[in-house]
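Working notes, beginning with the structure itself.
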Amino acid sequence: MKLKKTVKFSLSTYKKPLFIYYSIIIGCLLVGLLAMNLNTDHTVKIGGLELTTIIFVFVMGLTSFRSELYLYLQNGISRKTACISYFITAVVVTLFMAFVESMCYTIIGKNSTFQSAFLQVYTEMSNRNFLYIVATSFLWNFFVYFAASIVGYCIAALYYRMNRVLKLSVSIGVPVTFLIILPLIDEYLAKGAIGDFAKRAALFIVGVNGTTYHPIHWMIFCLIVTLLSEGISYRLVKEAVIKSK
């Protein structure tokens, strides 16, 4: 009973953010479609708006951990229930967003030069029938969105358990390592081998092999990331203590 009420309350907190978010997205689409219609040589194109949704659900996970944990513990709700409640809420929210966007973006794409992120990655899919594109892009979007929301929650849980020095070290060290140190090592020591490996791995994970496309690869990868993040988050939440600051 507590879990049901907790999930219901958690879902209610996302009504306003979702309304504001999709109001902005609709506004951007209308402006973009208007620009397309006014541009006679069809040089204006829009697409890939799913990236903004990934950022939205990632931030949703980042901001949900501390506030919801404190609120639920103060109201006699266990850490386990608080954690599972977020997982269920994330499933419902991301299912809704994936369904709405896969339907809308596919319909809009049929009648304009707009192209969803899914069809930008898997260009061959544009030749399939409408229902196939909608169903596949829906699943693809859902796995991506759900993974992003859980990863955000997991990062928030990890940062919650870190002290100030460790937070600063991770916040600076990770970007510096991937953006500066690794590229330098790749260029001067590995002679491009790291970059080539990363490119091949990325194409395999996404499911692109020349003219052959396997969206299931990306879905499986997102599922693995989600399960690992859920396991880590659940362990961290169970051992979380209330901090005064």
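The values are calculated or read from the model by the stated rules, or taken from the named source; none is laboratory data. Worth saying up front: this structure is predicted, and the values here are computed from it rather than measured. Because the Cβ atoms are built from the backbone with ideal geometry, glycine has one as well, and the counts that use them run over all protein chains shown. These accessible areas exclude ligands, DNA and RNA; they are computed on the full protein's heavy atoms, side chains included. Shrake-Rupley method; radii C 1.70, N 1.55, O 1.52, S 1.80 Å.
Relative to the Cα centre, the charge distribution of the chain, modelled as +1 at Lys and Arg Cβ and -1 at Asp and Glu Cβ, gives a dipole magnitude of about 1260 debye. In terms of its Cα atoms, the chain spans 60, 52, 30 Å along the principal axes, sorted from long to short.
Estimated from helical segments only, the mean residue ellipticity of the chain at 222 nm is -26000 deg cm²/dmol, where each DSSP H run of four or more residues counts as -39500 (n - 2.57). For the chain, carbon and sulfur atoms together expose 71% of the accessible surface, with a 1.4 angstrom probe and every protein chain in place. In the stretch 72-199, the C-alpha radius of gyration followed by the widest Cα-Cα span (Dmax) gives 20.6, 57 angstrom. Extension gain for SER78 to LYS199 (0.36 nm times residue separation, less C-alpha to C-alpha distance): 39.2 nm.
Taking Rh as the Kirkwood radius computed over C-alpha pairs, what is the Stokes-Einstein D of the stretch 140-230 at 4 °C in a medium of viscosity 1.567 mPa s, expressed in µm² per second? Could you put the intermediate results ahead of the total?
Details: Rh = 15.4 Å.
For the chosen part, D equals 84 µm²/s.
With the other protein chains left in place, how much accessible area per residue, in square angstrom, belongs to the stretch 53-181 at a 1.4 angstrom probe? Walk me through the numbers before you get to the answer.
On the way: 6140 Å² over 129 residues.
Result: 48 Å² of accessible area for each residue.
Peptides 149-162, 168-181, 205-218, 52-65 ordered by packing proxy, namely the average of other Cβ atoms within 10 Å per residue, highest first: 149-162, 52-65, 205-218, 168-181.
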